[in-house]
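Colleague: Before I ask anything, here is the structure I am working with.
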Amino acid sequence: MRCHKCPQRAVIRMRQHRLALCKDHYPQWFIEQTQRFIEKYRMFTHQDRILVAVSGGKDSLALWDVLWQLGYEAEGLYINLGIGGEFAYSDESQQAAQKFADQRRLKLHIYHVEERRGESVPAIALRTHRGRQKPCAVCGLIKRHTMNQMARQLGFSVLATAHNLDDEVSFLFGNLLSWNLRQIPRQSPVLEAEEGFVRKVKPFIRFSERETAAYSIVRGIEYIEEECPFAEGSKQLQYKDLLNRLEEQQPGVKLRFLLGFFNAMEQGFIHPIEDEQGEVILNPCPSCGQPTSTGDLCATCRLFEEN
Ligand code: SF4
Ligand code: ZN
Ligand code: ZN
């Protein structure tokens with residue numbers, strides 16, 4: 001198959017866009033599309049300082065690479081969760097992120113959970129859940145807390161994560177299956193800054209996993225292919241698998257599902273649920289200073305208080 005823009009062989013065919021591109025035109029298209037999404041959703045400008053959350057995987061390193069190529073002031077944040085296993089997942093991923101940053105002379109900030117908090121994420125989860133569950137809930141809480149805290153402490157105006165179409169569609173699908181009405185309206189390409197919370201953006205929200213992987217491969221990015229060992233068998237992976245099978249039969253169904261949802265949000269058909277008292281009042285956590293609705297320690301600080 002030939003590239004739609006030149007006589008070279010195409011490296012990717014995107015049925016949902018009716019487009020096939022070669023190794024030169026694909027990264028060009030990918031970067032232009034990202035810039036288009038940044039502008040369309042008013043994510044940030046060249047005046048912003050952007051902190052990119054990197055995991056060492058294909059999506060986050062691709063995002064950092066694209067922002068760097070577009071000339072944005074973007075630094076990286078790697079959170080070492082202390083996840084090991086046969087493959088030393090956290091340390092290997094940190095090395096991949098560091099190598100990427102060094103090759104481009106970019107600044108990578110590292111937050112090592114065990115060094116800062118005295119315990120790794122799996123150890124915290126084991127203590128708080130007595131080992132009955134996967135550490136994902138604790139891990140998600142700590143990651144969200146740390147990303148916001150680091151972005152604010154280091155003076156960044158924007159926090160960018162590399163959530164892609166597959167992540168967002170499987171998340172939306174899961175929330176709809178369980179009618180999680182509080183969470184559904186919070187899913188958006190941009191979460192505006194609020195008191196104590198930095199602005200959060202997802203520039204890759206319209207790219208599929210296949211597209212971000214193709215970009216990383218064509219650009220020669222050395223990313224970690226292994227998934228976190230705790231991801232295996234997760235509901236998110238089951239939903240992704242199901243939706244990919246549907247996509248094969250109906251090209252473009254994932255993108256239509258997500259864009260239809262955003263459209264319904266924009267038109268006001270789906271809107272956030274207000275609490276009975278109206279707005280939720282947030283106070284600074286007495287330990288870390290981040291906003292919390294509890295009137296006492298925030299959920300993350302409570303995890304360590306129990307120690
Ligand atoms: Fe954390 Fe791994 Fe679970 Fe992801 S799969 S939330 S990295 S423990
Ligand atoms: Zn071409
Ligand atoms: Zn706190």
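Colleague: Scan W68, W29 and give me the residue that is outside any loop (DSSP other than H, G, I, E, B) and open to solvent by 60 Å² or more (accessible area, probe 1.4 Å).
Modeller: Checking each option against the conditions leaves just W68.
Colleague: Determine, yes or no, whether I83 is β-branched (V, I, T), in the same structural domain as M147 (by TED's automatic domain parsing) and not in a loop (DSSP other than H, G, I, E, B).
Modeller: No: the conditions fail for I83.
Colleague: Oh, and also: Working only within region 1-26, note down all residues that are within 16 Å of ligand 2 (Cβ to nearest atom) and not in a loop (DSSP other than H, G, I, E, B).
Modeller: Once the filter is applied, which keeps residues that are within 16 Å of ligand 2 (Cβ to nearest atom) and not in a loop (DSSP other than H, G, I, E, B), region 1-26 yields R2, R9, I12, R13, M14, H17, L19, A20, L21, H25, Y26.
Colleague: Report, by residue number, each residue of region 151-164 that is out of contact with any helix residue (DSSP H, G or I) (no Cβ under 6 Å at 6 or more places or on another chain) and either buried (at least 18 other Cβ atoms within 10 Å of the Cβ) or assigned to a helix (DSSP H, G or I) (or both).
Modeller: Across region 151-164, the qualifying residues are A151, R152, Q153, F156, V158, A160, T161, H163.
Colleague: Is it the case that region 194-210 has a residue that's in a loop (DSSP other than H, G, I, E, B), at pLDDT below 95 and among the basic types (K, R)?
Modeller: Looking for residues that are in a loop (DSSP other than H, G, I, E, B), at pLDDT below 95 and among the basic types (K, R), one finds none in region 194-210, hence no.
Colleague: Please identify the pairs in which a residue from region 22-35 that is within 11 Å of A214 (Cβ to Cβ) has its Cβ atom under 7 Å from the Cβ atom of a residue that is not in a helix (DSSP H, G or I), counting only partners at least 6 apart or on another chain.
Modeller: Every condition considered, the pairs that remain are K23/V11; Y26/V11; Y26/I12; P27/R219; W29/L21.
Colleague: A further question on this structure: I'd like the full set of residues that are in contact (Cβ under 8 Å) with a residue 40 or more places away in the chain and part of a strand (DSSP E or B), limited to region 100-131.
Modeller: Scanning region 100-131 gives L108, H109.
Colleague: From the set of residues in region 84-127 that are open to solvent by 60 Å² or more (accessible area, probe 1.4 Å) and on the phi > 0 side of the Ramachandran plot, which is modelled with the highest pLDDT?
Modeller: R105
The values are calculated or read from the model by the stated rules, or taken from the named source; none is laboratory data. Predicted, not measured: the structure shown is a model, and the values here were computed from it. Here Cβ is always computed from backbone atoms with ideal geometry, including for glycine, and neighbour counts include all displayed protein chains. Please note that ligands, DNA and RNA were not included when accessible areas were found on the heavy atoms of the full protein model with its side chains. Shrake-Rupley method; radii C 1.70, N 1.55, O 1.52, S 1.80 Å.
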